[in-house]
Amino acid sequence: MTTFAGKLLRIDLGSFTSTIEQIPELYFSDFISARGLAAKYLFDELKPNIDPLGPGNKLILSVGVLAGTGLQGFSKWAVSTKSPLTGTIFRSVVGGNFGAWMKHAGYDLIIIQGSAKNLVTVHVDTSGVYFSDAKEFSGIDPRGLQKLLKKKYGRRTESACIGIAGENLIRYASITSGERTASRGGVGTVMGAKNLKAISINVPVKKPVPFDNPRFQDLVKKQISMLKDHPRKKNMTTLGTPYITTVLDKMGILPVKNFQEGSIPGIDKVSGKKFYDLKMAKAGCYLCMTRCGGMRNVTEGPFGGTQIDGPEYESIYAFGPLLDITDSAFVTDANAFCDYYGLDTISTGVSIAFAFELFEKGIISAVDTNGLDLTWGNKKAIFSLIEMIGKKEGIGALLGQGVKRAARDLGGEAGIYAMEIKGLELAGYDPRGVKGYALSMATSNIGGSHMYGRPREELSGIKDPFTETDKGLPIAQVQKEQALDDSLIACTFGNSGLSFEMYAEYLAAATGNKEFENVNNFIKIGERIVCIERCFNVREGFARKDDSLPKRMTTEPLRKAGPSTGQMIRNLDKLLDEYYEALGYGKNGIPKPGKLRELGLDGTIKNLS
Ligand code: SF4
């Protein structure tokens with residue numbers, strides 16, 4: 001017995017066929033599950049330089065080996081693909097119930113390949129896989145569609161859906177399941193390009209049986225009892241991620257006005273406490289006692305009069321301070337409006353902030369914005385822009401490509417104001433005030449993500465965030481650890497008090513695989529996952545030149561940023577050298593043959609040359 005399902009479901013939308021395949025045992029030892037396993041399949045199966053929006057791209061839905069077992073905070077799922085925003089390998093992690101349903105259905109992975117000619121849905125139940133025409137669902141928002149699918153396939157149906165933005169191929173469209181979204185990197189855009197409106201599952205609950213069940217159940221009990229009193233868990237349950245807002249404001253790394261400044265007057269109006277006061281009910285994912293979410297009232301827009309689970313910190317940043325706004329009701333409404341269209345809130349907010357700064361600098365005017373006055377804080381204009389992006393209308397068509405492509409199309413100095421790395425719009429941490437984050441975001445294999453390796457010690461004040469030395473090793477380490485978190489999948493917000501020794505213990509008891517018992521072996525798997533992702537990108541033409549930061553970070557000192565005022569990145573090259581050396585990569589950012597051999601990735605050497 002093992003908690004690996006051992007199987008993948010391959011769905012071909014070009015031929016409307018599906019097959020069930022055995023996943024080789026070795027893949028689990030080398031890549032565990034979820035992000036790691038998906039990276040292995042993407043590296044092996046995607047031809048180099050394919051169009052991310054063409055039928056040659058694949059969308060991989062994955063779930064962790066410990067999902068649905070009783071361990072708390074291990075039942076999220078992930079979507080991996082070649083991103084239409086960055087052109088790199090990509091993974092977006094998401095909560096809700098869908099991952100557990102995949103596990104109940106008996107799959108570690110669902111690989112969706114090919115493209116349908118017209119909009120379709122796919123439904124999975126115990127009797128098979130069914131393809132249906134989805135013309136009737138075109139233009140329906142993800143929340144409404146989930147209700148319709150429950151009506152069609154039964155109350156217990158869980159589904160992953162795209163909205164209008166995904167159908168319109170907006171490059172940062174999300175995939176929604178329950179109240180949660182796989183937001184980043186345009187995973188919903190790839191789904192839209194495949195003409196897949198939704199995939200749904202309705203199967204009976206089937207709990208995975210661990211290899212050493214008594215030992216495993218004992219570990220579950222210990223985890224639950226430890227979590228009950230853990231202060232971080234209590235904080236997450238009460239305040240959730242919105243608590244970060246005031247912490248970052250105090251540090252001076254809360255991006256304001258498109259990363260021009262690092263703190264904002266009136267922060268209390270969008271603080272964790274403020275959003276706690278607005279919480280109507282708790283919300284969270286399958287088998288998670290942390291339940292970091294919260295249902296809040298929406299007042300404006302198509303979801304007005306209902307409630308959403310949100311906003312999370314990143315949405316508060318993107319529709320609050322980034323746009324010079326401290327209005328909790330507006331942030332919630334803007335979040336809901338993005339959910340309606342199926343848009344990533346971070347990329348949408350950063351694209352809108354980009355337009356606002358271009359307007360401020362006189363690079364665009366009302367003639368370019370369909371008459372909208374993009375003066376900082378104009379909430380009406382922001383609502384209009386969300387709608388125009390979702391519908392791909394007017395300036396929304398330009399902004400819906402992401403800031404990198406929009407800047408390229410505008411030409412001139414527009415690129416200076418595009419806050420992106422490898423094409424991914426930046427998350428809500430100004431890297432100038434946390435140098436480890438600058439390095440982690442610059443080298444991230446998925447672009448400007450805050451979830452590719454968090455410099456925890458710098459963020460918590462244990463280490464000096466302003467020095468530009470001795471960052472390579474710790475950042476390499478947190479990136480390996482994040483790869484493990486994402487491959488289990490252990491939720492970053494729900495894993496309070498857990499150590500990698502504990503992960504190793506869980507895995508050994510769940511699977512019987514002795515290799516997992518050795519923590520060093522275990523960390524090596526994280527390194528292998530980061531490395532194969534880099535190999536994927538190298539094959540696509542990425543190298544040191546792409547491990548970069550927006551020009552603002554290296555040329556403009558941070559303003560109005562409390563203790564971080566005046567900070568900027570002065571020597572990215574030195575940071576990169578340290579990082580490459582820590583991982584055994586050459587100065588060009590490409591893994592050396594010796595490192596590939598050490599990680600058992602010898603086969604990729606040939607592919608890289
Ligand atoms: S901590 Fe929050 S995001 Fe993580 S699994 Fe629990 S409810 Fe979901």
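For the stretch 7-24, residues that are farther than 21 Å from I199 by Cα and in contact (Cβ under 8 Å) with a residue 12 or more places away in the chain total 2. Within the stretch 7-37, the set of residues being of a type in the set (S, T, Y), assigned to a loop (DSSP other than H, G, I, E, B) and surrounded by 12 or more Cβ atoms within 10 Å (Cβ to Cβ) comprises just one member, S33.
Within the stretch 254-281, the set of residues being outside any loop (DSSP other than H, G, I, E, B) and within 16 Å of the ligand (Cβ to nearest atom) comprises G272, F275, Y276, A281. Residues in the stretch 448-501 that are assigned to a helix (DSSP H, G or I) and within 15 Å of the ligand (Cβ to nearest atom): Q482, D485, D486, L488. Filtered by the rule that a residue be within 16 Å of the ligand (Cβ to nearest atom) and either of a type outside the set (G, A, S) or assigned by TED's automatic domain parsing to the domain that holds A78 (or both), the stretch 282-306 gives K282, C285, Y286, L287, C288, M289, T290, R291, C292, M295, R296.
Going through (1) more than 16 Å from the ligand (Cβ to nearest atom); (2) in a loop (DSSP other than H, G, I, E, B); (3) within 26 Å of G310 (Cβ to Cβ) one by one, F90 falls short only on (2).
For the condition within 24 Å of S548 (Cβ to Cβ) and free of Cβ contacts under 8 Å to residues at least 24 places away in the same chain, L410 does not qualify. Residues in the stretch 199-220 that are among the β-branched types (V, I, T) and surrounded by 12 or more Cβ atoms within 10 Å (Cβ to Cβ): I199, I201, V203, V209, V220. I want to confirm something. Restricting to the stretch 110-119 and keeping residues that are surrounded by fewer than 24 Cβ atoms within 10 Å (Cβ to Cβ) and not basic (K, R), which single residue is nearest to the ligand (Cβ to nearest atom)? Restricting to residues being surrounded by fewer than 24 Cβ atoms within 10 Å (Cβ to Cβ) and not basic (K, R), the top hit is I111.
Within the stretch 69-87, the set of residues being part of a loop (DSSP other than H, G, I, E, B) and away from the ligand (no atom under 13 Å from the Cβ) comprises T69, G70, S83, P84, L85, T86, G87. Applying a threshold of 6 Å to beta carbon distances and a minimum spacing of six or more residues, or different chains, the list of pairs starting in the stretch 114-129 at a residue that is touching a residue at least 40 places away in the same chain (Cβ under 8 Å) and assigned by TED's automatic domain parsing to the domain that holds C161 and ending at one that is among the charged types (D, E, K, R) and assigned to a strand (DSSP E or B) reads G114/D12; L119/K197; T121/K197.
The values are calculated or read from the model by the stated rules, or taken from the named source; none is laboratory data. A quick note: this is a predicted structure, and the numbers were derived from the prediction, not measured. Positions of Cβ are backbone-derived with ideal geometry, glycine not excepted, and every protein chain shown enters the neighbour counts.
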